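Down below is the structure, laid out as structure tokens.
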Amino acid sequence: MDLVLKFLKGVTCEKIILKTSVGTKDAFFTGLATGAIWFLKSVFLVVFLPLTKEFKKPLLQVWPNFSKETIYFNTNIIISFSIGHAIYILYRLMKLKKNERGVT
């Protein structure tokens, strides 16, 4: 887990677009699902984005569809990181796995 956090510190989120449409035949459940999706997206962003080096303003959209049963997700995330940083993390991961197996 420590390596994941170190990797994320070198990641820049260039673009985050999360679009969702949800609908049921019942307006109550459509509203409930819409609110739950907003909550899950917000939690994801609050937990994930502060761990990265830098991020652009995300675009979040949730559309309730009261006329038919539907669920639609459109996700577009572009990240960038230094290849040297990725190689370093992979090296540390391989070293960690090697130490776990007891190989010297």
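What is the antiparallel percent of DSSP beta bridges lying wholly in region 2-101, to the nearest 5?
Of those bridges, close to 60 percent are antiparallel.
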Checklist entry - In whole angstrom, how far apart do the alpha carbon centroids of region 5-54 and region 73-104 sit? => result 24
Item to check | the chain, dipole about Cα centre (Lys/Arg Cβ +1, Asp/Glu Cβ -1), debye to the nearest 20 | outcome: 420
Item to check | Under 17 Å between alpha carbons - lysine pairs in region 2-101 that sit 8 or more apart or on different chains | outcome: 15
Item to check | Table column - 3J(HN,Hα) (Hz), region 30-47, Karplus curve with 6.51, -1.76, 1.60, x for Gly and Pro | outcome: 5, x, 5, 5, 4, x, 5, 5, 4, 4, 5, 5, 5, 4, 4, 5, 5, 7
Checklist entry - Rounded to the nearest 500 deg cm²/dmol, what is the calculated helix-only ellipticity per residue at 222 nm for the chain, with -39500 (n - 2.57) per DSSP H run of length n ≥ 4? => result -15500 deg cm²/dmol
Checklist entry - Hey, fewest Cβ within 10 Å first, where do Lys97, Lys53 land in order? => result Lys97, Lys53
Next on the checklist: Suppose we keep just the alpha-carbon trace of the chain; what are its Rg and Dmax in angstrom?
Outcome noted: 19.2, 64
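None of the figures in this text is laboratory data; all of them are computed from the coordinates on show. Just so we're clear, the structure is a prediction, and the values are computed from it rather than from any experiment. As a convention, Cβ positions derive from the backbone with ideal geometry for all residues, glycine included, and neighbour counts pool all protein chains shown.
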